[in-house]
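*Asks:* Attaching a single structure in structure tokens format; questions to follow.
Bear in mind that the values in this text are calculations on the coordinates, not laboratory data. Note that the structure is a prediction, hence the values are computed from the model and not measured. Neighbour counts run over all protein chains shown; Cβ positions are idealised from the backbone, glycine included.
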Amino acid sequence: MSNFLVSSFSLSSAPRSAVFRIQDELRNAQKEVTTGRFADVGLTLGSRTNQTVSLRVERESAIRIQEANTLIGQRFDTMQTALESIAKTGENLLASLISNGPADAGISASVQQAKAGLQQFMGAINAASGSRFLFSGAATDQPALAFTKVGGGVASSYEDNSTAKKAVNDALTAAAPASAADLEAFLDGAFNDLFKVPQPSDGTGWDMWSKADSSPVVNRISDSETLDVSYPASDEAFRNIVKAYVMISDLGAKTMDESQRQLLTSRAVETLSLGLSQLTEIRAEIGGKQSRLEITNETLGTRKNVLTMSISSFEDVDAYEASTRVTTLTNLLEASYALTARISRLSIMNYL
């Protein structure tokens, strides 16, 4: 015969252990209802966990590229706005040059319009997105156009005693064109050289206007695609537009004779037309890249959705089943509380 010992302590300890276990299960079940995922994905999936990890890494990569592409799209939008402004101002001057002609009144109006156009150009070409200048090429930390004062220091603009303006005046003084033929030789020679990009950089020519780095700025827009987002101020389109503005505003058109004015006006129209045509090509090229970027983003969005669904197929719980489990565990917990309370009131003193 054996003795079977029962104590109130043993009876009360068992329900308490069950309560702790049910509370833990209930927490996990409530978490699953809230998040829609297994409370412990690794424990539930076991060896299949590495598949969801790989899917999540791939999805995060797609999200990061999409976010970067959004910034590139904003960059292109700002560039298009600046280029549209430059184009409109140039087209207005072009129309004025053609309609005003080389007469005194007409050339005076054109000179003032060219000076205003040059100022507008400098403001537009120095457009920035955040803290990055858009037309500085790879040198995004500095303005596309920046001038140095004669004798040193930073000039606030071309007109602010800049080395670029002095170079134009010095070249004109040295050439002193006395006829239309002299003027043409000057325009094709010394004046044209002022707007060339020196190779290598030596501080002359276009270096007096811009320190833009013409190195390509390539961004990855998908796992297999890259995009050059750089259009530096050293591009020929910009140099031709500036050249036409300076041609009208700074070469003393008001003091020229009629034949020189006729030549100057004709060459300015020719140069500005070329620059605007080249500018249209740039805008069209950016537009093509915007379309390409949009298509790539749509593809990335579809890919992200597919990956999300694949992850869900592994990690998501059945909402109805999880909710039912929470209700069941809650009821069970309340019953355990009630049982524990009853057992805790048992005492041998009640039976003596």
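*Asks:* So, counting K/R as plus one and D/E as minus one, what does the shell of residues with Cβ under 13 Å around Ser136 add up to?
*Replies:* Net charge in that neighbourhood comes out at 0.
*Asks:* Further, regarding this structure: Pop a pseudo-label 7 angstrom from the Cα along the beta-carbon direction at both Ala105 and Thr255 and give the gap in nm to one decimal.
*Replies:* It works out to 2.5 nm between the two label points.
*Asks:* For a footprinting-style exposure proxy, rank Met122, Met309 by other Cβ within 10 Å, fewest first.
*Replies:* Ascending Cβ contact count within 10 Å gives the list Met309, Met122.
*Asks:* Express in nm, to one decimal, how much length is gained between Gln199 and Gln74 on full extension, taking 0.36 nm for each residue of separation and deducting their alpha carbon distance.
*Replies:* Going from the current span to full extension adds 41.8 nm.
*Asks:* Greater than 24 Å separation of Cα atoms is the criterion. Which listed pairs, Lys115/Lys149; Lys166/Lys243; Lys211/Lys254; Lys166/Lys254; Lys196/Lys254; Lys196/Lys289, meet it?
*Replies:* Lys211/Lys254; Lys196/Lys254; Lys196/Lys289
*Asks:* Which distance in Å, rounded to a whole number, links the C-alpha centroids of region 64-82 and region 219-287?
*Replies:* 24 Å
*Asks:* Next question. What is the order of Ser162, Ser273, Ser99, fewest Cβ neighbours within 10 Å to most?
*Replies:* So the residues, fewest neighbours to most, are Ser99, Ser273, Ser162.
*Asks:* To continue, here is another question. Which ordering of Lys254, Lys289 is given by a fewest-first count of other beta-carbon atoms within 10 Å?
*Replies:* Lys254, Lys289
*Asks:* Here's another thing I want to ask about it. Can you tell me the FRET efficiency between Ala284 and Gln51 if r is taken as the Cβ-Cβ distance and R0 is 35 Å, rounded to the nearest 0.05?
*Replies:* That pair, Ala284 with Gln51, gives E of 0.20.
*Asks:* So, counting K/R as plus one and D/E as minus one, what does the shell of residues with Cβ under 15 Å around Ser266 add up to?
*Replies:* Net local charge, Ser266 excluded: -2.
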